Amino acid sequence: MAAIPAVAQAAVIAGGQRLTSARVSLPFIVLQRRFVTRSISSCIYLQRQKYDVLLSLPCHRQEANFLLTAMFFTAAFGIVSSCELLQCEEPPQDEDEVGATNHDKLGLRSICAAIEAGSWALVEAWTKLHGVNAALTTSGQTALAFAAERGAMFIAKSLLEVAADPSSCDGQRLSALMHAGRNGHIPVVQLLLDAGAQPDWPIDIFGNAPIHGAVGFGHARVVQALLHARCDPDMRTGDVTAPESYGAQTLHEAPLHLACRVKPPHLELQSRSLVALLVHFGASPCLQDDRGDTPAHLLARKGDASALWTLLSRSPPQLADAAVGVLRNMHGATALEDAASADVGPALHLALSVVLYGGPRVAKLRQLLDLRSREPQVSGQCEAGEAAEDAAWKTYNARLSGGPSLLPFEEGGDGVRRRRNS
């Protein structure tokens, strides 16, 4: 009589394996061989003792037969399930693998959500288990880089206090400073700079440093913070090391090129403040990219008289003169000649002519009078207004399809990366 509960227990335990999910927990896999043994033993025992058990049961023969048959099939079902488990790769039982399992239990989504919510306790537990500089996301971001991207100031500060690396990079060599800068999180940018992050390093796989990301995404306050941290205002974009399939290219442009070239309107409206800021910190209007274009060429072709005036009137007069009428691009044209052939209306043609003629002379007058411009006051938001943005979108859409200098941008609308066919 006592044998029946033991047999039933073994059979039910073995058969119950089928109810587990495809992602089996670690303790269950550890016992899988024991389950197989018990399942096989159950089947053999039932087959041999079938009639003895049947006679000893306090029930009708038909009911006992039904019970034993059900138990037999349950045990057999457990054997099949256990054999399937045996075919699975059994994870090694060292500390790293146990840590990986615990990592999985915590859940990356939970950690990311905790960072966004500012919940330090869960983030701290994860960093203690895996290390403060361990990769958190599939792209290789550390917890600090993820916090920087989300603007989670409190979490970023806490991570730095437990020795997180402020220069850590993800799989595309995007640093925490780059993530914070191109999203406009100025408090986090300043925090990282104060913690020792380099303002002009590292370079990502697209050849961009943090200042290129900040200028390309139109964040003037971030650019200002980087320049105050002694970032080179003329730093060119580097070589592309991204896979060939990405189709990326570089023209080795300076930040002024990124500020002046054609961009989507939500970034275009920041051009003037970015130009004023870069020129104030010594950026040269005469630097040429791989196509020979200076920032003056780019502004003349797109008809941005306001930003062009800022560029020329605030630069040293000798450099302003050279940018207007001396330096030629790959097509052999100067900025003055590009302005004459620009696809703009008569009024804008006149405005460009006045700017190209008067800008260098105003720069010379300022030099003679020793008039030094004050550092531009920049804000985090565009102050041009909704009407100006709508007008900029119309201009952008009208110009996007024409001219060799009108560059379509990658999906996402950033002003940094280029496609090879642009």
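Values in this text are rule-based calculations from the coordinates and carry no lab data. What you are looking at is a predicted structure, and each value in this text was computed from that prediction instead of being measured. Using ideal geometry, Cβ is built from the backbone for each residue, glycine included, and neighbour counts are taken over all protein chains shown.
Just a few scattered comments:
- On full extension, the segment bounded by residue 110 and residue 378 gains 92.8 nm, given 0.36 nm per residue less the C-alpha separation.
- Translational D in µm²/s for the range 97-244 (Stokes-Einstein at 4 °C, 1.567 mPa s, Kirkwood Rh from C-alpha pairs): 84 µm²/s
- Sites residue 266 and residue 172 - FRET efficiency at Förster radius 22 Å, r taken between beta-carbons, to 0.05: 0.40
- Pairwise FRET efficiency - residue 139 versus residue 326, Cβ, R0 = 35 Å, nearest 0.05: 0.20
- Taking a Cβ cut-off of under 14 Å around residue 318, the surrounding Lys, Arg, Asp and Glu residues balance to a net charge of +3, with basic ones at +1 and acidic ones at -1.
- Peptides 365-376, 189-200, ordered by how many other C-beta atoms sit within 10 Å of their residues on average, highest first, read 189-200, 365-376.
- Coarse-grained scattering of the range 233-387 at q = 0.13, 0.19 Å⁻¹, given as base-10 log I(q)/I(0) from a Debye sum over alpha-carbon atoms: -0.60, -1.21
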